[in-house]
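Please read the structure below before turning to the comments.
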Amino acid sequence: MNILYIGDIMGELGMQTVEKLLPEIRRDHNVDVVIAQAENTTDGKGISLADFARLRKMGIDFCTGGNWSLHKEEIIQAMNDPVQPIIRPANYLEGTPGLGYKYLKTIKGDILVVSLLGQVVGRDSAKPMNNPLITIDDILQSQKDVAKIATVVNFHGDYSSEKFVIGRYLDGRAALVVGDHWHVPTADAMVLPGGTAHITDVGMCGSIDSCLGVKFEVIIGRWKTGQASRNQLEEAGRLQFNAILVDVDVATGKAQGVEHIRRIVG
Ligand SMILES: [Fe+2]
């Protein structure tokens, strides 16, 4: 089974990138299921119900989460509903709205999808959260008797070491462990010795001639003067698409191959 995981879809240009490229990538690589990082979809911060519907319409079967997942209140009901294919990080403290893992139903069987937040994520670093390693151990233990064909773990964070080490930590316990949040892809996609596909960071979808999706002049101005300013997303120019494709043996739940897919268009 071929699972495609698409990196952070950043704003309107991110959505246009996926709309434009997903049909041919899907066809060329015999993709069975598409999972995508949706925390930056609506103007870079969170996801609206309308954009959630738009992602579903363009062929995305399941949305993972990160530090902006709960920014828009209107999405919380869907985050709470086990049937709606969208999650927020699982290691938020108890009482936080939304679910951190759900099952994605496919014709070949169910896939457990989990999102975790790293312990260093930009301005959210001081925010209390549970240890991601202990959280994922608890989830995998609680779900061990539930029938599934694969487990996909998304790790959303800033520390390269955290996003690198989590792959080894979960090697043999998941089909894919995929890092994101940086918006810059790393060149280390591989199947680890225990059969888990891993990449430290998959990269983003959206503007490539920008600072990770935001207009350069806004970021450089802020950097030079120290003055606070609002992020303005880039609205034109070339587009980048970044995803990771994993070939999973559904009999064992292990990866048989992995490929980082990167396209630049426009
Ligand atoms: Fe993020």
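The values are calculated or read from the model by the stated rules, or taken from the named source; none is laboratory data. Since this is a predicted model, take the numbers as computed values, not measurements. So basically every Cβ, Gly included, is an ideal-geometry build from the backbone, and we count neighbours across all protein chains shown. The accessibility values were calculated without ligands, DNA or RNA, using every heavy atom of the protein model including side chains. Shrake-Rupley method; radii C 1.70, N 1.55, O 1.52, S 1.80 Å.
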Exercise for review: Give the long-range amide H neighbours of Lys72: residues separated by 5 or more places, or on another chain, with amide H under 5 Å away, using H modelled in the peptide plane at 1.01 Å from N.
Suggested key: Ile47
Study note, to complete from the structure: Expressed per residue, the solvent accessible area of the range 191-261 in Å² (1.4 Å probe) is about 48
Revision key, fill the gap. Phi-derived 3J(HN,Hα) across the range 100-114 with the Karplus relation (6.51, -1.76, 1.60, θ = phi - 60°), rounded Hz, x for Gly and Pro, is x, 8, 8, 9, 9, 7, 10, 5, 8, x, 8, 10, 7, 10, 10
Exercise for review: Measure nothing fancy, just the Cα-based angle from helix 132-142's long axis to the longest principal axis of the chain, in degrees from 0 to 90, nearest 10.
Suggested key: 30
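Which whole-number value in Å² is the accessible area per residue of the range 43-92, probe 1.4 Å?
Numbers: 2130 Å² over 50 residues.
Value for the range 43-92: 43 Å² per residue.
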Revision key, fill the gap. The percentage of the accessible area of the chain (probe 1.4 Å, all protein chains present) made up of carbon and sulfur atoms, to the nearest whole number, is 52
Check your understanding: Between the range 117-175 and the range 215-266, how many Å separate their Cα centres?
Key -> 20
Study note, to complete from the structure: Excluding residues fewer than 8 positions from Lys108 in its own chain, the lysines with Cα under 18 Å of it are Lys148, Lys254
Check your understanding: To the nearest 0.05, what FRET efficiency results for Ala53 and Thr252 with a Förster distance of 45 Å applied to their C-beta separation?
Key -> 0.80
**Study point:** Binned Cα-Cα distances of the range 21-102, short to long, each 10 Å bin given as a whole percent
**Key:** 19, 52, 24, 6, 0
Check your understanding: Can you work out ³J(HN,Hα) from phi for every residue in the range 146-161, in order, using Karplus 6.51 cos²θ - 1.76 cosθ + 1.60 and θ = phi - 60°, giving whole Hz and x for Gly and Pro?
Key -> 7, 5, 7, 9, 6, 10, 10, 10, 9, 10, 9, x, 9, 6, 4, 5
Review point. So what are the radius of gyration and Dmax for the Cα set of the chain, in Å?
Key: 17.2, 57
Check your understanding: In nanometres, what is the gap between the two model label sites at Ser229 and Gln141, each 7 Å from Cα along Cα-to-Cβ?
Key -> 5.0
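For Lys72, Lys144, Lys102, Lys254, give the ranking by accessible area with the largest first, probe 1.4 Å.
Ranking Lys72, Lys144, Lys102, Lys254 by accessible area, largest first, yields Lys144, Lys254, Lys72, Lys102.
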Practice item. Quick one: which residues, 5+ away or cross-chain, put their amide H under 5 Å from the amide H of Thr41? H built at 1.01 Å from N. Key: Gly11, Gly46
Review point. Under the Karplus relation 6.51 cos²θ - 1.76 cosθ + 1.60, θ = phi - 60°, what is the ordered set of whole-Hz ³J(HN,Hα) values for the range 227-239, x standing for Gly and Pro?
Key: 6, 5, 8, 7, 5, 10, 6, 5, 10, 8, x, 6, 10
Check your understanding: Sequence-distant or interchain residues sharing an amide H contact under 5 Å with Lys102, placed H: which?
Key -> Val113
Check your understanding: With N residues in the range 77-222, what two-decimal value do you get for its Cα radius of gyration over 2.2 N^0.38 Å?
Key -> 1.10
Exercise for review: Would you mind getting me the FRET efficiency between Ile219 and Ser161? Use the beta-carbon distance for r and R0 = 22 Å, nearest 0.05.
Suggested key: 0.30
Practice item. Quick one: of Lys20/Lys57; Lys45/Lys105; Lys20/Lys102, which pairs are farther than 20 Å apart, Cα to Cα? Key: Lys45/Lys105; Lys20/Lys102
Practice item. For the chain, set up a Gaussian network in which alpha carbons nearer than 10 Å are linked by springs, and say which option among Asp188, Asp158, Asp171 fluctuates the most. Key: Asp188
Check your understanding: Taking only DSSP H segments of four or more residues, each worth -39500 (n - 2.57), what value at 222 nm results for the chain once the sum is divided by all its residues, to the nearest 500 deg cm²/dmol?
Key -> -7000 deg cm²/dmol
